[in-house]
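Notes follow the structure.
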Amino acid sequence: MRGERPVAAKQKFVYSFTEGNKDLKDLLGGKGANLAEMTNLGLPVPPGFTITTDACKVFLQTGTEPGSLNEEITGHLVALEAQMGKRLGQADNPLLVSVRSGAKFSMPGMMDTVLNIGLSDASVTGLAAQSGNERFAWDSYRRLVQMFGKTVLGVDGELFEEALDEAKHAKGTADDLDLTAADLEALVATFKAIVLRETGRDFPQDPREQLDLAIHAVFHSWNGDRARLYRRQERIPNDLGTAVNVCTMVFGNLGEDSGTGVAFTRDPSTGAQGVYGDYLQNAQGEDVVAGIRNTLQLADLEQLDKKSYDELMTIMQTLENHYRDLCDIEFTIERGKLWMLQTRVGKRTAAAAFRIAVQLVDQGLIDLDEALHRVTGGQLAQLMFPRFAPTAETKPVAYGIAASPGAAVGKVVFDSYTAVKWSRSGEQVILVRRETNPDDLEGMIAAEGILTSRGGKTSHAAVVARGMGKTCVCGAEELEVDTKNRKFTTADGQVVHEGDVVSIDGANGRVYLGEVPVLPSPVVEYFEGTLHAGADVQGGLVQAVHRLMSHADGRRRLAVRANADNAEDANRARRYGAQGIGLCRTEHMFLGEERRKEVEHLILADNDKDRETALSSLLPLQKGDFLELFQSMDGLPVTVRLLDPPLHEFLPDITELSVRVALAEARKDPNENDLRLLQAVHRLHEANPMLGLRGVRLGLVIPGLFGMQVRAIAEAAAERKLAGADPRPEVMIPLVGTVQELELVRDECERVLAEVAASTGVNLDIKLGTMIELPRAAVTAGQIAEAADFFSFGTNDLTQTVWGFSRDDVEASFFTAYLEKGIFGVSPFETIDRDGVGALVKNAAQAGRATRPDLKLGVCGEHGGDPDSVHFFHEVGLDYVSCSPFRIPVARLEAGRAAIETAGSDSR
Ligand code: PEP
Ligand code: MG
């Protein structure tokens, strides 16, 4: 009938363990899916059922359970009771259950669990009779009231702990095990009184009410503070919800022939094969986690209970072969009977991940594609940085932003000059500034690490340090940096003077006073070529990295280039596997006093002659730079970007210069040059320099500037060609917003190229392309492609202009609040914002190729070395990513992973 919607099949919210499987993690959570998988493998899992994440989502959205949930739970409970031959909370023979959270991604200890549901004043005696152990029954009831009171009824857990301590104190003992059945019975009465006093209600005696309230509490715990914080850090989406597992209780605390433990099928910290784990006799699960008694090594279980141990070993082997990966396991032995309470593919360190992946290939359990899929660029990055080995006493004095990973130790200096001077005399220094600017570059190069109290992940310090592979902690706002007096002060008032030693950890943003020991990375030695690929160090780590890198290289479609502007970086990039330079920022070639002076002359020139003189002084310097770069990258493309930053960056600081001029005037000794400079600084001053006279705009208003650069490129290329080499420069025009800009500059470039070709007699085939880093350029990419041989997406500026976020400011100001509010899970300057900036990239790529099918497409923003973003660039069909030399291995690995993942999804 019209208007009538078909009745949807009734949604199922509860699955018995026999109904699920390991692939249903979205619905059943990791724990529920794996309990079902183990059940179906015939392993000894206590029977139970899982309430789905969908039920949790409905509950959290509407404040009530889905209508059919109650009925479904009843159905499953009845079946469970029939299977076990006892009813939940039955007075003379109670069935007891645990209620455990379990989300899709493991969130260890972040959500709630309640054990021993079903115990009451009536059933506690039944449990005593059933177990033949009165003490155990009262202890179980005591635990229920405590856990339920705290997690379900919201009573302050300390109140129970205090009462427990008092009971032990009265007994003159520190050990729970010395409390007798009578003591525990009294404690239950005390706990119940606490519940009544704190909540105004009695501890619920109805077992079904206990169960329902516990389920609701687990649902609610998805949105608890701990869980939210954990999700933010681990980038787990907020809308997944948790499943709830209701599982028959088994007891590890029934005497010496009982116990509980955790085990790993391989060592999760090294990857070494073998059996690792801990066992605690006569205990329940939370006792192991709480660390209240010293655990035994798993191997000791063999002596205590050989039958259970052997069975556990067989099960662990079964699980590893079945999951084809390292598994971690929780188990309980109840009076000599082994029960599996949980398994999952276990977390591991970065080194273990690489080793285990190749071990499994060698065992024939997985192929190389799968092995590559199982390691990440993030793990590789961790392996590449030297790391601190902090001792128990090392406590950070500040937490900044982890801007560029690594561990650096050195003497504090506060200016570039001292950094250079001290490092030349063999000192390791840490350059400490409020924030850095291009003037600090030499000091940054000389320093072991950089520490700033302001700025975020795309601040000058961060970007430059990452480019250099130098450790950097920025935005450590607790530190008060006083460069004038050469000291900084920590939040707790400690004053650190120039020359004092500090240690900074760029992987986590921590700042320590004094020297923390550092371990070198063999993986970097391997990429540098100083350690052979077959070197058997650190348990085969380098061999594992080599195998997976080689496989990634064989698989990837994306080429990987480097952002480099000097021979040293270019050479390193090549050693690390770069297939060319994707971005040479020529402004970096104008730093240093001598060259800056030449640029100053150019800016001050007010007639053609002076301008030409300045340009012709710069020409040989630039040409020399390019000769070196083309030599390093012989046979590979080198994309040279013409000058981009606003000119005032090459002029002295306005305040300093004003003071100097004012003082000179006061002395009646004005300096003509300073006066002209000051005028120029005022003339060029911009409120928004990032949106001002920079990029292609400079090329259009300063006659001859871009021409000089192109001439230097062309002459260097011609010279190399004449010497028999194979230079492959490409010229890139920055900050283009409209095709007209590009056409004008292109004409000039072509004219210069033709002149150089004619004068040298060398056939120069130099491609001319542009950056796409403004929204208008992205939107009109089809037109821009008419005048471009290639596009390189400048996703730093594109992110800045699409969001309207100043890239130098926002990360240190309001981004923390944005991250906390979940507006985004990660800074869009770090990982490409697929929906916004990414959509523009995708459309521009398509529009560009529609105009010019052979258009070469790359990316050279910071995102080019970010793992998630590399996957995106692969998906949208770019030809290459370009990133700082130190990130090249990560980009290679991730490009390989992206290729196998797409191949996998194509074949599905
Ligand atoms: C960009 O904007 O992404 C880019 C690579 O250029 P720069 O960072 O030098 O502005
Ligand atoms: Mg840019």
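The values are calculated or read from the model by the stated rules, or taken from the named source; none is laboratory data. A quick note: this is a predicted structure, and the numbers were derived from the prediction, not measured. Positions of Cβ are generated from backbone atoms using ideal geometry, with glycine treated the same way; all protein chains shown enter the neighbour counts. The area values use the complete protein model at the heavy-atom level, side chains included, leaving out ligands, DNA and RNA. Shrake-Rupley method; radii C 1.70, N 1.55, O 1.52, S 1.80 Å.
Just a few scattered comments:
- Restricting attention to segment 195-205 and to residues that are open to solvent by less than 70 Å² (accessible area, probe 1.4 Å) and of a type in the set (A, V, I, L, M, F, W, C), the residue that is nearest to Ser98 (Cα to Cα) turns out to be Phe203.
- Meets criteria (modelled with pLDDT under 95 and open to solvent by less than 40 Å² (accessible area, probe 1.4 Å)) for Gly499: no
- Residue within segment 453-466 that is open to solvent by 10 Å² or more (accessible area, probe 1.4 Å), under 29 Å from Val545 (Cα atoms) and among the small types (Gly, Ala, Ser) present: no
- Exactly one residue out of Leu583, Leu647 is within 16 Å of ligand 1 (Cβ to nearest atom), modelled with pLDDT under 95, among the aliphatic types (A, V, I, L, M) and open to solvent by less than 40 Å² (accessible area, probe 1.4 Å), and it is Leu647.
- When segment 761-775 is limited to residues that are open to solvent by 10 Å² or more (accessible area, probe 1.4 Å) and within 14 Å of ligand 2 (Cβ to nearest atom), the one that is farthest from Lys842 (Cα to Cα) turns out to be Leu774.
- Test for Phe136: is it within 22 Å of Asp225 (Cα to Cα), out of contact with any Asp or Glu (no Cβ under 7 Å at 6 or more places or on another chain) and aromatic (Phe, Trp, Tyr): no
- Residue check, Leu451 under 23 Å from Asp808 (Cβ atoms), outside the structural domain of His588 (by TED's automatic domain parsing) and more than 24 Å from the chain's Cα centre (by Cα): no
- Of the listed requirements (1) under 24 Å from Gly624 (Cα atoms); (2) touching a residue at least 60 places away in the same chain (Cβ under 8 Å); (3) buried (at least 19 other Cβ atoms within 10 Å of the Cβ); (4) away from ligand 1 (no atom under 16 Å from the Cβ), Val756 misses just one: (2).
- Residue pairs meeting the criteria (Cβ under 7 Å; at least 6 apart or on separate chains; first within 9 Å of Gly737 (Cβ to Cβ), in segment 763-779; second open to solvent by 20 Å² or more (accessible area, probe 1.4 Å)): Leu774/Thr801; Pro775/Thr801; Pro775/Val802; Pro775/Leu840; Arg776/Thr738
- All positions within segment 8-20 that are modelled with pLDDT of 95 or more, in a loop (DSSP other than H, G, I, E, B) and of a type outside the set (Ser, Thr, Tyr): Lys12, Phe13, Phe17, Glu19
- Count of segment 782-791 residues which are within 16 Å of ligand 2 (Cβ to nearest atom) and touching a Phe, Trp or Tyr at 6+ places or on another chain (Cβ under 9 Å): 1
- Scan of segment 468-496 for residues that are part of a strand (DSSP E or B) and farther than 17 Å from Ala447 by Cβ, ordered by number: Glu480, Asp482, Lys487, Thr489, Val495
- Within segment 206-230, being open to solvent by 50 Å² or more (accessible area, probe 1.4 Å) and polar (S, T, N, Q) holds for one residue alone: Asn223.
- Among residues of segment 774-798, those that are within 8 Å of ligand 1 (Cβ to nearest atom) and in a helix (DSSP H, G or I), counted: 4
- The residue pairs whose first member lies in segment 362-391 and is over 14 Å from Gly406 (Cα atoms), whose second member is at pLDDT 90 or above and charged (D, E, K, R), and whose beta carbons are closer than 6 Å, counting only pairs six or more residues apart or on different chains, are Leu365/Arg324; Ile366/Arg324; Leu372/Arg897; Gly377/Glu894.
- Residue that is nearest to Leu700 (Cα to Cα) [pool: residues in segment 650-686 that are crowded, with 17+ Cβ neighbours inside 10 Å and touching a residue at least 60 places away in the same chain (Cβ under 8 Å)]: Leu684
- Residue that is most open to solvent (accessible area, probe 1.4 Å) [pool: residues in segment 810-839 that are of a type in the set (Asp, Glu) and touching a residue at least 24 places away in the same chain (Cβ under 8 Å)]: Glu820
- Segment 759-773 - residue that is in a strand (DSSP E or B) and hydrophobic (A, V, I, L, M, F, W, C) and, of those, farthest from ligand 1 (Cβ to nearest atom): Leu768
Here is a yes/no grid of residues against (1) over 15 Å from Val511 (Cβ atoms); (2) hydroxyl-bearing (Ser, Thr, Tyr):
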| residue | (1), (2) |
| --- | --- |
| Ala447 | no, no |
| His460 | yes, no |
| Thr483 | yes, yes |
| His497 | yes, no |
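- Test: Gly89 is open to solvent by 10 Å² or more (accessible area, probe 1.4 Å) and either on the phi < 0 side of the Ramachandran plot or without any contact (Cβ under 8 Å) to a residue 60 or more places away in the chain (or both): no
For (1) in a helix (DSSP H, G or I); (2) out of contact with any helix residue (DSSP H, G or I) (no Cβ under 8 Å at 6 or more places or on another chain); (3) away from ligand 2 (no atom under 13 Å from the Cβ), each residue gets a yes or a no:
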residue: Phe805; (1), (2), (3): no, no, yes
residue: Tyr818; (1), (2), (3): yes, yes, yes
residue: Ile823; (1), (2), (3): no, yes, yes
residue: Glu830; (1), (2), (3): no, no, yes
residue: Gly836; (1), (2), (3): yes, no, yes
residue: Leu840; (1), (2), (3): yes, no, yes
residue: Gly848; (1), (2), (3): yes, no, yes
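- Options Arg728, Arg751: the member that is in contact with a strand residue (DSSP E or B) (Cβ under 6 Å, 6 or more places away or on another chain) and open to solvent by 60 Å² or more (accessible area, probe 1.4 Å): Arg728
- Selected residue [surrounded by fewer than 18 Cβ atoms within 10 Å (Cβ to Cβ) and either away from ligand 2 (no atom under 16 Å from the Cβ) or not polar (S, T, N, Q) (or both)] from Gly534, Gly540: Gly534
Here is a yes/no grid of residues against (1) surrounded by 20 or more Cβ atoms within 10 Å (Cβ to Cβ); (2) within 29 Å of Asn116 (Cβ to Cβ):
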position	(1), (2)
Gly271	yes, no
Gly285	yes, yes
Thr332	yes, yes
Gly336	no, yes
Gln342	yes, yes
Arg355	yes, no
Leu368	no, no
His373	no, no
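- Condition check for Arg697: within 15 Å of ligand 1 (Cβ to nearest atom), among the basic types (Lys, Arg) and in contact (Cβ under 8 Å) with a residue 24 or more places away in the chain: yes
- Which numbered condition Leu857 fails, given (1) in a helix (DSSP H, G or I); (2) more than 16 Å from ligand 2 (Cβ to nearest atom); (3) touching a strand residue (DSSP E or B) at 6+ places or on another chain (Cβ under 9 Å): (1)
- Members of segment 271-318 that are of a type in the set (Val, Ile, Thr) and modelled with pLDDT under 85: Val275, Val288, Val289, Ile292, Thr295
- Criterion violated by Met107 - all others in (1) crowded, with 21+ Cβ neighbours inside 10 Å; (2) under 17 Å from Asp328 (Cα atoms); (3) modelled with pLDDT of 95 or more satisfied: (3)
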